[in-house]
Structures are given as structure tokens and as C-alpha cells.
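J.: Please see the structure below; I have some questions.
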Amino acid sequence: MSLVFAIPGKTFLLGEYLALHGGPTLVALTQPMFEMTATKTAGDGGWGAIHPDSPAGKFMVAHEQYFSYFNIEFKDPYSGRGGFGASTAQFLGAYSLWLHKEAHQLDMQHLFDYKHLLTTYTEYAWNGRGPAPSGADLIGQLKG
């Protein structure tokens, strides 16, 4: 059985840099959607196109014991052109799969603790220099 996580593309319309300092932003969510497919394995999984130095890759390396049981395929409908949210889509897919181990039902919405999500994302996406990522795109892609 496979799990498929579909995450919309994103484009900041207003306030991308204002959001870095706690201000408001306007994010447009678009199709086509990114897709992350996770298929259970016997412990010999692979992560496909997810780079180990990306936020998702770092998160997966930190939880390698869990993620080693999945083959992960990530489809980028924008062919790596950048700016549409592929990196945050990968992170949301990985984070959602990691939360899936806690889920005993199909409705995972109640499991998402936004503060924990943002804290975890910042831990893996920020190197400590310059402003920390706002996470506005992450929350936008999650909530729509």
C-alpha cells in the first residue's frame, strides 16, 4: 500500500520579506500539485530525488530508522524551476509521513500542531544566519 501526499504549489503575492519579520503575507496556492508517494518496504527504502541536505532530507536523516521503511518518490510538476514551493512541499510530505506513524485513523488534521511544525521546519531549514524562515509558505501549502 502507498500513501500519496498532494501539496499545492505556492507563489508569494505580497509580503514575502515582511513575513520574515512577523508581518502579514499573501500566498497564492496553485496547481499542478507536488506529489510525494511513500511505499512501505522491508527496511531497504530509498528517498529518490530528495537531497539529504534539503530541509526534508535533514529531517529524514534525523529519523532515518523510521524513513528507511519507505520508498519515497517526489514528483515536481515544475521540473525544478524553483520558487513554487518544492522544498516546503517535500518537508510537508516527510513531516506528514512521520506523523502518520501516530495516526490510527484517516483524519490526521487534528495531529498537526502548527507551532511544532514551524519549530521543526526552522530547525532543519535554517542555518542560524540571517532571518529565520517565516514558514508562511509552509502553513499556506498545508492549510490552503
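J.: Using only alpha carbon positions, build the gyration tensor of the range 1-69, then give the equivalent ellipsoid semi-axes as the square roots of 5 times its eigenvalues, largest first, whole angstrom.
T.: Three semi-axes, in Å: 31, 16, 8.
J.: What is the local net charge at Met36, summed over the other residues whose Cβ is closer than 11 Å to its Cβ (Lys, Arg +1; Asp, Glu -1)?
T.: -2
J.: Could you tell me the calculated FRET efficiency between Tyr69 and Leu14, based on Cβ-Cβ distance and R0 = 30 angstrom, to the nearest 0.05?
T.: Plugging the Cβ-Cβ distance into 1/(1 + (r/R0)^6) gives 0.10.
J.: Of His63, His116, His51, which has the most accessible area with a 1.4 Å probe, and how do the rest follow in descending order?
T.: Per-residue accessible area, sorted high to low, gives His51, His116, His63.
J.: Please work out how much length the chain gains when fully extended from Tyr114 to Thr39, using 0.36 nm per residue of separation minus the C-alpha to C-alpha distance, in nm with one decimal.
T.: Going from the current span to full extension adds 24.4 nm.
J.: Could you work out the local net charge near Ala62, counting Lys and Arg as +1, Asp and Glu as -1, over the other residues with Cβ closer than 14 Å to its Cβ?
T.: So the environment of Ala62 carries a net charge of -2.
J.: Over the chain, what percent of the accessible surface lies on carbon and sulfur atoms, probe 1.4 Å?
T.: Using a 1.4 Å probe with all protein chains present, the chain comes out at 55 percent carbon and sulfur.
J.: Just the number please: accessible area per residue for the chain, 1.4 Å probe, all protein chains included, in Å².
T.: I get 56 Å² per residue for the chain.
J.: Rounded to whole Hz and in sequence order, give me ³J(HN,Hα) for the range 60-76 from the Karplus expression 6.51 cos²θ - 1.76 cosθ + 1.60, θ = phi - 60°, writing x for Gly and Pro.
T.: After applying 6.51 cos²θ - 1.76 cosθ + 1.60, I find 5, 5, 5, 10, 4, 4, 6, 6, 5, 8, 9, 8, 10, 10, 10, 9, 10 Hz.
J.: Continuing with the same structure: Viscosity 0.890 mPa s, temperature 25 °C: what is the translational diffusion coefficient of the chain from Stokes-Einstein with a Kirkwood Rh over Cα pairs, rounded to a whole number of µm²/s?
T.: Estimated via Stokes-Einstein, D reaches 157 µm²/s.
The values are calculated or read from the model by the stated rules, or taken from the named source; none is laboratory data. None of these values were measured; they are calculated from a predicted model. For neighbour counting, all protein chains shown are included, and Cβ atoms are generated from backbone atoms with ideal geometry for every residue, glycine included. Note: accessible area is taken over every heavy atom of the protein model, side chains too, but ligands, DNA and RNA are not part of it. Shrake-Rupley method; radii C 1.70, N 1.55, O 1.52, S 1.80 Å.
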